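The values are calculated or read from the model by the stated rules, or taken from the named source; none is laboratory data. These figures come from a predicted structure and were not determined experimentally. Ideal geometry is used to build each Cβ from the backbone, glycine not excepted, and the neighbour counts take in all protein chains shown. The accessibility values were calculated without ligands, DNA or RNA, using every heavy atom of the protein model including side chains. Shrake-Rupley method; radii C 1.70, N 1.55, O 1.52, S 1.80 Å.
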Amino acid sequence: AQSVTQLGSHVSVSEGALVLLRCNYSSSVPPYLFWYVQYPNQGLQLLLKYTSAATLVKGINGFEAEFKKSETSFHLTKPSAHMSDAAEYFCAVSPSGYSSASKIIFGSGTRLSIRP
Amino acid sequence: GAGVSQSPSNKVTEKGKDVELRCDPISGHTALYWYRQSLGQGLEFLIYFQGNSAPDKSGLPSDRFSAERTGGSVSTLTIQRTQQEDSAVYLCASSTSTGTIYNEQFFGPGTRLTVL
């Protein structure tokens, strides 16, 4: 079974500061991991994904995440926050090794606020 | 090509009424998912359709909820005898099932349901 825990329902950083959103997963098989972003009044869009290739994954808008098996983590970072980064961020896990689509398990989300 | 579309975008109904929410997935996507996002909560999985297989209904919260997918494309989520706790944003997503085994999901903008 898979599960995802996002530490911190709300994170606030100053514009230009480092963004760090935490995600820990639990999976009985090697996982695929995702970060989705939801801007206000919009649907979710994929930010980046880990699919067992490089452990450091780069996504859109300057975000990246590092898969650390020893820590069962997949934290999302961005060196310098921008006002437009204010949104809800969801970490998600899916079991690998499936030949057909299977449901993704989402975390509860972290709301990122940016202070001017 | 067009993304996932959902209708209506907003629905206000009275307690006890039935509602139908519609999802048009991306053409060619064989997998379709419904999620519920309550205020301040994460995504709650409701139901998953994959091709002609029996749907995974494990997330439906009660027998008042049902969904169907006609012709392997459009899906309708029906909520009977709506309750105030059904108020939420209902999100639909679709994905392809072959090739991309990491099954990236593409989300629609959601339907905001308000039960008075």
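Tabulated values for the structure
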read-out: Residue B:75, sole failed condition from (1) over 20 Å from residue B:5 (Cα atoms); (2) modelled with pLDDT of 95 or more; value: (1)
read-out: Tally, over the stretch B:9-24, of residues that are in contact with a strand residue (DSSP E or B) (Cβ under 6 Å, 6 or more places away or on another chain) and over 15 Å from residue B:94 (Cα atoms); value: 8
read-out: Subset of the stretch B:18-47 that is surrounded by fewer than 13 Cβ atoms within 10 Å (Cβ to Cβ) and in contact (Cβ under 8 Å) with a residue 60 or more places away in the chain - its residue that is farthest from the other protein chains (Cβ to nearest Cβ); value: B:18
read-out: Flag for residue A:43 being among the small types (Gly, Ala, Ser), closer than 29 Å to residue B:5 by Cα and open to solvent by 40 Å² or more (accessible area, probe 1.4 Å); value: no
read-out: Check on residue A:1, more than 30 Å from residue B:10 (Cβ to Cβ) and open to solvent by less than 60 Å² (accessible area, probe 1.4 Å); value: no
read-out: Within the stretch A:13-38, considering residues that are open to solvent by less than 40 Å² (accessible area, probe 1.4 Å) and aliphatic (A, V, I, L, M), the one farthest from residue A:90 (Cα to Cα); value: A:17
read-out: Residue A:72 being out of contact with any Asp or Glu (no Cβ under 7 Å at 6 or more places or on another chain) and farther than 22 Å from residue B:89 by Cβ; value: yes
read-out: Candidate set from the stretch B:54-76 (those that are over 12 Å from residue B:32 (Cα atoms) and among the polar types (S, T, N, Q)); member that is surrounded by the most Cβ atoms within 10 Å (Cβ to Cβ); value: B:66
